[in-house]
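Written out below as structure tokens is the structure these notes cover.
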Amino acid sequence: MTKITVAKGDGIGPEIMDATLKIIMAAGAKIEIEEIEVGEKVYLAGNLAGIAKESWDIIRRNKVFLKAPITTPQGGGYKSLNVTTRKFLGLYSNVRPCMSLHPFVKTKHPDMDIVIVRENEEDLYAGIEHQQTDEVVQCLKLISRPGCEKIVRYAFEYAKQYGRKKVTCFTKDNIMKQTDGLFHQVFDEIAKEYPEIENEHWIIDIGAAKMADTPEAFDVIVMPNLYGDVLSDVAAQIAGSVGLAGSANIGETCAMFEAIHGSAPRRAGQNLANPSGLLQGAIMMLNHIGETKVAEKVQNAWLKTIEDGIHTYDVFKEGVSKQKVGTNEFAEAVIANLGQVPTILKSVSYANSSALNLPKYQRKPSAKKELVGVDIFVHWNGSNPDELAEKIQKLNTPEATLSMITNRGIKVWPEGFEETFCTDHWRCRFKPTEGQKITKVTIVQLLNDALEQNIDTIKTENLYNFDGKSGFSLGQGQ
Ligand code: NAD
């Protein structure tokens with residue numbers, strides 16, 4: 001008997017959770033349920049995280065969490081419970097299978113069967129944002145080597161376990177050479193350990209276009225957090241409906257399973273919602289806890305029900321569907337089909353589908369880190385970069401020389417273009433003066449000089465080489 005934490009959530013959440021639990025219990029799942037309250041009520045009671053401390057204790061103790069969608073109230077500083085849960089519990093891997101159910105659910109892509117493996121903890125979701133000048137705000141994109149290694153290895157191990165042939169990586173490393181560049185580099189490194197699985201990399205823009213046009217060309221696709229967030233919804237929608245897809249959030253000790261859709265408040269309480277997305281999440285949960293036989297039985301019964309044309313309103317189509325049913329009736333139909341397999345859709349076998357056992361991340365030896373310059377960001381309301389360069393060159397720090405000024409990344413000094421639009425946010429790059437060395441003391445001195453000369457510095461970024469290799473990008477146009 002495995003004890004799991006269940007949250008029924010908001011909107012359609014309670015209805016689809018009841019339907020899901022009824023199905024998996026009828027199939028013989030050996031689980032014991034401990035229910036917690038999360039979401040709207042908790043938020044509106046003044047808890048900005050949407051979850052009480054005692055509930056965290058329960059989630060951490062049980063380690064397996066089945067969660068219905070919740071409503072995050074608009075405004076008021078409420079934090080997304082999903083993002084917090086993923087990060088607090090280290091749920092680094094988000095797995096979203098998106099498979100078409102042709103000809104029973106309408107799709108333009110009858111042969112689509114892809115799994116999106118999305119990095120779940122870092123990237124722009126670090127949520128580190130600042131307004132720095134009147135005109136410019138910033139969001140920090142953080143990508144780490146452990147983050148990349150863990151997710152890429154997960155994608156290959158998943159492909160291996162589920163007999164999938166290819167893992168594709170999507171990044172934008174032609175532009176973000178450091179962050180997306182690291183993700184791509186780690187992908188290439190780890191791919192070598194799996195010679196039996198094909199691997200490829202696509203630049204995200206054309207890769208996404210190709211995925212939306214010819215999804216059957218892909219198998220498993222691994223990507224950083226934000227791209228994965230957007231593209232997994234696209235993939236689910238073009239497979240048939242976002243209402244049909246489930247998602248697993250997997251960490252080293254805990255895991256959370258859910259539907260990918262939201263709480264659909266307008267459909268709540270009417271016995272209308274499709275429980276399939278949450279049921280798909282629950283099936284991944286059953287595999288995760290080793291109840292693979294039950295998972296297989298439920299999935300085959302669900303496929304048979306879809307094939308029988310018993311459909312909720314969201315996928316019901318005159319001529320294809322046979323019977324339009326509500327949430328409860330759909331659950332009853334799946335229960336009646338337990339023990340049966342589909343005849344046209346492919347039945348599943350989960351003999352080999354329990355939780356992946358991945359090695360722990362091993363920290364690499366530190367590289368030789370050398371300070372080779374500094375970027376000082378300045379809030380300045382002027383418009384002529386030559387004027388700013390003149391002011392900055394007056395800073396009285398002989399070890400450092402101004403080498404470049406950029407505005408929103410594009411070089412505007414020396415030899416900028418008059419046509420370049422400039423905001424009030426300037427980056428001044430200092431390199432060592434010929435024959436000198438820049439140290440942390442030089443940087444403090446530069447900031448002190450700037451203060452004395454009334455220059456409004458807003459932040460600094462140190463420029464490092466790691467083992468002699470540059471750890472920063474050039475200015476655009478440099
Ligand atoms: P949504 O997914 O709730 O709804 C989008 C559309 O899909 C609606 O037309 C809805 O009726 C339909 N739909 C969704 N799930 C369905 C189902 N199971 N059966 C039938 N139809 C279904 O997205 P939204 O309207 O943007 O968000 C509503 C609320 O959900 C918001 O408060 C949002 O913050 C929250 N949300 C929660 C989660 C989560 O908890 N994981 C995820 C996304 C959105």
So, by mean Cβ neighbours within 10 angstrom, what's the order for 291-298, 447-454, 436-443 with the highest one leading? 291-298, 436-443, 447-454
How about segment 109-139: which GluC sites (Glu not before Pro) there are in a DSSP loop, with at most 13 other Cβ atoms within 10 Å of their Cβ? Glu135
FRET efficiency for Lys53 and Arg266 from the Cβ-Cβ distance with R0 = 30 Å, rounded to 0.05, comes out at 0.40
Hypothetical label at Ile410: residues of segment 376-404 whose amide nitrogen lies under 14 Å (7 Å Cα-Cβ projection): 385
Just grab the label-to-label distance for Tyr464 and Lys391, each label 7 Å out from Cα along the Cβ direction, in nm (one decimal). 3.1 nm
Distance (nanometres) between label positions extended 7 Å along Cα→Cβ at Val230 and Thr253: 3.6 nm
Net length gained if the chain between Asp134 and Gln323 were fully extended (0.36 nm per residue, minus Cα distance): 62.2 nm
So for each of 356-365, 229-238 I average, over its residues, the number of other beta carbons within 10 Å; can you give me the resulting order with the highest mean first? 229-238, 356-365
Size of electric dipole in the chain: Cβ of Lys, Arg +1 and of Asp, Glu -1, about Cα centre, debye, nearest 20: 1340 debye
Filter the cross-link list Lys369/Lys437; Lys79/Lys210; Lys106/Lys293; Lys108/Lys304; Lys172/Lys360; Lys172/Lys192 down to pairs whose alpha-carbon distance in this structure exceeds 24 Å. Lys79/Lys210; Lys106/Lys293; Lys172/Lys360
Does a label point 7 Å from the Cα of Thr433, set along Cα-to-beta-carbon, have any residues of segment 390-423 with amide nitrogen under 11 Å, and which are they? 395-402
For segment 40-193: rounded, prolate or oblate by the Cα gyration tensor [a/c cutoff 1.5]: oblate
If contacts are Cα pairs under 8 angstrom and at least 6 residues apart, what is the relative contact order of the chain in percent? 16 percent
What is the extension gain from Val444 to Lys41, computed as 0.36 nm multiplied by their sequence separation minus the C-alpha to C-alpha distance, in nm to one decimal? 140.2 nm
Treating only the Cβ atoms of Lys and Arg (+1) and Asp and Glu (-1) as charged, compute the dipole magnitude of segment 369-470 about its Cα centre; round to the nearest 20 debye. 420 debye
Could you pull the Rg and Dmax for the chain, using just the Cα atoms, both in Å? 26.3, 82
With label points built 7 Å along Cα→Cβ from the Cα atoms of Lys106 and Tyr162, find their separation and express it in nm. 2.7 nm
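Each value in this text was obtained by applying a stated rule to the coordinates, not by laboratory testing. Just so it is clear, the model here is predicted, and its values are computed rather than measured. Glycine gets a Cβ as well: all are built from the backbone with ideal geometry, and neighbour counts include every protein chain shown.
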